[in-house]
Amino acid sequence: MDAVVDGEIVELPGGDARVVTAARGRRGPGPGPELLLRRLVAAGSGVPADDVELVQSCETCGGRHGRPTVGYPTTPSGAPWFVDAGAAGELVVAAAATRRRVGVGVELVSAAALEGVDEAALHASERAALAALDPPERARARAMLWARKSALLRAIGHTEFTEPSTLALTMPGDDEGIGRIERTVPEFGPGWRGVRFHDLAVPGAVVASVAVLG
């Protein structure tokens with residue numbers, strides 16, 4: 001994907017998912033994830049951002065975790081929006097779709113921030129591929145893999161599937177910024193073939209990816 005411009009709404013392949021990014025700390029505090037998400041939904045709905053109602057409640061258990069839902073408005077067709085947002089460092093990312101679930105993953109490119117992540121989050125094949133990279137490239141690829149898996153877990157929501165190390169994804173840098181699942185698990189079901197990870201070209205020591213379920 002081409003470099004994402006701060007504040008510009010970008011349409012992802014498939015036609016129903018859009019994403020917007022914003023930088024914090026450059027010109028004042030900047031918008032947080034919730035405000036940026038309201039603005040994105042407002043742009044697609046034709047309502048004021050202040051009127052967008054976000055509900056932070058799990059659709060399955062009612063707990064305050066995972067991605068939010070939109071209480072108001074609906075999409076132009078009358079269906080509910082699928083949305084998510086996240087932030088790390090100075091970067092904020094929001095995504096919204098009309099037909100497919102989305103999840104946002106944003107991670108700092110920092111060895112300290114990701115210490116201990118490999119065994120818990122990465123498949124053995126991913127760890128082997130990372131070991132073959134130079135240290136700077138390895139740090140960025142590791143962060144992107146974790147951002148992709150974080151985005152996926154947020155997109156699928158409340159589930160008993162909690163071990164990202166059992167999934168193997170295509171390697172960032174080898175898949176031209178659109179990742180796929182290479183090895184899956186039975187718990188994930190048949191939908192894994194349609195999952196795509198859209199990596200965002202953002203500046204600085206941070207990476208971001210949006211998972212879109214097929």
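Quick look at the values:
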| quantity | calculated |
| --- | --- |
| ³J(HN,Hα), Karplus 6.51/-1.76/1.60, whole Hz, each residue of the range 166-179, x for Gly, Pro | 7, 9, 10, 10, 5, 7, x, x, 9, 10, 6, x, 10, x |
| In Hz, Karplus ³J(HN,Hα) per residue of the range 192-198 (6.51, -1.76, 1.60; θ = phi - 60°; x = Gly, Pro) | 5, 5, x, 6, 10, 10, 9 |
| Amide proton proximity set for residue 24, modelled H, under 5 Å, gap of 5+ | 91, 92 |
| Residue among 197, 188, 82 with the largest mean-square fluctuation in a Gaussian network model of the chain, springs linking Cα atoms under 10 Å | 188 |
| Selection of GluC sites (Glu not before Pro), the range 116-151, meeting DSSP coil and at most 10 other Cβ within 10 Å | none |
| Built amide H within the under 5 Å cut-off of residue 101, gap 5+ | 213 |
| Charge dipole (debye, nearest 20) of the chain; +1 at Cβ of Lys and Arg, -1 at Cβ of Asp and Glu | 260 |
| Estimated [θ] at 222 nm from DSSP helical runs (n ≥ 4, -39500 (n - 2.57)) normalised by residues in the chain, nearest 500 | -7000 deg cm²/dmol |
| Sparse-neighbourhood loop sites, trypsin sites (Lys or Arg not before Pro) in the range 160-214 - DSSP loop, at most 16 other Cβ within 10 angstrom | 180 |
| GNM flexibility winner over the chain from 57, 150, 165 (Cα, springs under 10 Å) | 57 |
| Rel. contact order, % - alpha carbon contacts under 8 angstrom, at least six apart, the chain | 20 |
| Radius 10 Å from Cβ of residue 73, net charge of other residues (Lys, Arg +1; Asp, Glu -1) | -2 |
| Cα radius of gyration and Dmax for the chain (Å) | 16.6, 50 |
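Coordinate-derived values only; no laboratory data. Because the structure is predicted, anything quoted here is derived from the model rather than measured. Positions of Cβ are generated from backbone atoms using ideal geometry, with glycine treated the same way; all protein chains shown enter the neighbour counts.
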